[in-house]
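Beneath this line is the structure, given in structure tokens, with notes to follow.
The values are calculated or read from the model by the stated rules, or taken from the named source; none is laboratory data. Because the structure is predicted, anything quoted here is derived from the model rather than measured. Virtual Cβ from ideal backbone geometry, glycine too; neighbours counted across all protein chains shown. Ligands, DNA and RNA are stripped out before the accessible areas are found, and what is left, the full protein with its side chains, is counted by its heavy atoms. Shrake-Rupley method; radii C 1.70, N 1.55, O 1.52, S 1.80 Å.
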Amino acid sequence: EVAFSDWQPLVPIRASGTRPPLFLVHGAEGNILMYRDLAKHLGADQPVFGLQSRGLDNKTEINGDFEEVAATYLKAIKQQQHKGPYFIGGYCLGGTLALEIAQQLKRQGEEVGLLFMIENYNIQTLKWPLPVHVRMANGFLNAWYHVANLFAFRSRQICAFFKTKLNAEISRLQMSLLVSSSSVMKAVGVKAAFDFPHVRVNKVYDEALTRYRPKAFEGEMVLF
């Protein structure tokens, strides 16, 4: 088994390059696989490192408190890069964790070169879970962006766009069905054929997110 002390959060996505490294924090489900394609578009000279959550191996312990998680990740970041400026960001919940890491860097007197968030917002400013009208607005905007992307493509790119989206939706549906069936089997006392640690990780971080109270950041943040 993997001991708690043996687990390391920092994962090199692209270790080589002369530019300052970019550190990308995981989203609510804990993994950093989503950043693989992003790293490809940043060029061969851009080092990219992911920060991956405990708990994905179903062996290591997990504490979702943002201050503690950020302190652990900051320690790993400073082992890779000993002094600033630091370039940090993340998707969704990962953006909020990146904010807390940046706050701790500031308190240590370090320079934050870039703090960015992808599709993120402060849930303390909205009811949680999201109200129906907000979910409806999100659905409309999601469809609008897809249509806008479609018209932005050349004709030969449209098929590739549809194929990519279709494959993603099929994979998402398959995973949802497997997770649901596993939950039902556990509820009736039957051992499921599949176990999904990312579901447990997601729950831990969602609960921690409702407890976290972000403070104003003295610097620039970029929202994508």
request  = Quick one: in region 9-43, of everything that is of a type in the set (Gly, Ala, Ser) and touching a helix residue (DSSP H, G or I) at 6+ places or on another chain (Cβ under 7 Å), which residue is surrounded by the fewest Cβ atoms within 10 Å (Cβ to Cβ)?
outcome  = 28
ask   = Is there any pair linking a residue in region 164-175 that is without any contact (Cβ under 8 Å) to a residue 12 or more places away in the chain to one that is outside any helix (DSSP H, G or I) and surrounded by fewer than 10 Cβ atoms within 10 Å (Cβ to Cβ), with Cβ under 9 Å and at least six apart or on different chains, and which?
value = none
request  = Would you mind finding the one in 103, 108 that is surrounded by fewer than 16 Cβ atoms within 10 Å (Cβ to Cβ) and either at pLDDT 95 or above or more than 16 Å from residue 22 (Cα to Cα) (or both)?
outcome  = 108
task = Report the residue count in region 1-51 for those that are under 22 Å from residue 168 (Cα atoms), in contact (Cβ under 8 Å) with a residue 24 or more places away in the chain and assigned to a loop (DSSP other than H, G, I, E, B).
result = 7
Qualifying residue in region 76-89 (condition: assigned to a loop (DSSP other than H, G, I, E, B), touching a helix residue (DSSP H, G or I) at 6+ places or on another chain (Cβ under 6 Å) and not β-branched (Val, Ile, Thr)) = no
remark   = Sole miss for residue 144 among (1) assigned to a helix (DSSP H, G or I); (2) open to solvent by 40 Å² or more (accessible area, probe 1.4 Å); (3) within 21 Å of residue 214 (Cβ to Cβ) is condition (3)
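Return the only residue of 56, 51 being modelled with pLDDT of 90 or more and either over 16 Å from residue 97 (Cα atoms) or surrounded by 14 or more Cβ atoms within 10 Å (Cβ to Cβ) (or both).
Working: 56 fails: modelled with pLDDT of 90 or more.
On inspection, the qualifying residue turns out to be 51.
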task = Return only the number of the condition from (1) in contact (Cβ under 8 Å) with a residue 24 or more places away in the chain; (2) out of contact with any helix residue (DSSP H, G or I) (no Cβ under 8 Å at 6 or more places or on another chain); (3) among the aliphatic types (A, V, I, L, M) that residue 143 does not satisfy.
result = (1)
Search result, residues across region 94-122 that are closer than 25 Å to residue 31 by Cβ, in a loop (DSSP other than H, G, I, E, B) and in contact with a Phe, Trp or Tyr (Cβ under 8 Å, 6 or more places away or on another chain) = 119, 120
key: Of all residues in region 167-224 being under 23 Å from residue 98 (Cα atoms), open to solvent by 60 Å² or more (accessible area, probe 1.4 Å) and among the charged types (D, E, K, R), the one that is modelled with the lowest pLDDT   = 200
